[in-house]
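This report refers to the structure that appears directly beneath it.
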Amino acid sequence: MTNTDRDALLDAALVHVPFEGMNERALAAGARDIGMDAALIRVHFPQGGAGLAAAYHRRADRALREALAATPPEGRFRDRVAQALWQRLELSDPELVRAGAATLALPQNAALAARLVWETADVIWTALGDRSQDVNWYSKRATLTAVISATVLFWLGDESEGRADTRAFIDRRIDGVMSVETVKARLRSLPGASRLADAALGWIRAPRDRALPGKTR
């Protein structure tokens, strides 16, 4: 059993997702297509449909990480964030994302769904050069996670040509985030603000283990 076998099952199952949903039926159909023993489905995807959705999501995250490393976005920082988010959307199929979202929306999958969006935010921030090690590591990712979640919902319902409305939506949300960051920077510049922040939050540090929630390999 290898990662190649798992990838082959992932590819085969995704073909059936538009008809079956992001679930065990799609996995079973994919396994039949490639002649894989049905007993191996649970070995490769112990979480069933949720695991299938997570695998599809993380594959796009890996592709985004590689794309940003090969060709880093240019321009103002807010433009680089917006471009990275748009690239992430382009790496996804709306129909598969919609099916995955339906599966991940189930109560038992809520924690996994939140983690997946957090991982995407981490990919973007890390690729854009974020080196924060304090509470900012968390706040940046939490803020971008909210933007990503809202953007995906908008994107799934966007019927504009070339999804131009989604591009405009991203710009508006990123502008809102940057406004908050500007306010935070001004507050930190006030006399005594840095010492107060260190006293209140200085003990918070980014995770050291890249396998912890939010960190991505």
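The values are calculated or read from the model by the stated rules, or taken from the named source; none is laboratory data. Bear in mind the structure is a predicted one, so any value in this text is a computation, not a measurement. Because the Cβ atoms are built from the backbone with ideal geometry, glycine has one as well, and the counts that use them run over all protein chains shown.
Tabulated data
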quantity	calculated
Some residue of segment 71-78 being closer than 27 Å to residue 129 by Cβ, buried (at least 17 other Cβ atoms within 10 Å of the Cβ), touching a residue at least 40 places away in the same chain (Cβ under 8 Å) and not basic (Lys, Arg)	yes
Qualifying residue in segment 25-33 (condition: at pLDDT 95 or above, of a type outside the set (Asp, Glu) and within 20 Å of the chain's Cα centre (by Cα))	no
Any hit, segment 4-20, residues being free of Cβ contacts under 8 Å to residues at least 12 places away in the same chain, assigned to a helix (DSSP H, G or I), charged (D, E, K, R) and surrounded by fewer than 16 Cβ atoms within 10 Å (Cβ to Cβ)	yes
Flag if residue 65 is surrounded by 15 or more Cβ atoms within 10 Å (Cβ to Cβ) and under 27 Å from residue 17 (Cβ atoms)	yes
Segments classed as helices (runs of 4 or more DSSP H), wholly inside segment 108-209, with at least 3 members that are within 13 Å of the chain's Cα centre (by Cα) and at pLDDT 90 or above	110-127, 135-156
Test set (1) touching a helix residue (DSSP H, G or I) at 6+ places or on another chain (Cβ under 7 Å); (2) within 21 Å of residue 145 (Cβ to Cβ); (3) not in a helix (DSSP H, G or I) - residue 98 fails condition number	(3)
Residue 54 modelled with pLDDT of 95 or more and either aromatic (Phe, Trp, Tyr) or over 21 Å from residue 143 (Cα atoms) (or both)	yes
Residue in segment 113-127 that is of a type outside the set (A, V, I, L, M, F, W, C), surrounded by 15 or more Cβ atoms within 10 Å (Cβ to Cβ) and farther than 18 Å from residue 152 by Cβ present	yes
Filtered residues of segment 28-46 (kept if surrounded by 16 or more Cβ atoms within 10 Å (Cβ to Cβ) and under 14 Å from residue 6 (Cβ atoms))	30, 31, 36, 41, 44, 45
Residue within segment 1-13 that is in contact with a Gly (Cβ under 6 Å, 6 or more places away or on another chain), farther than 28 Å from residue 85 by Cβ and modelled with pLDDT of 95 or more present	yes
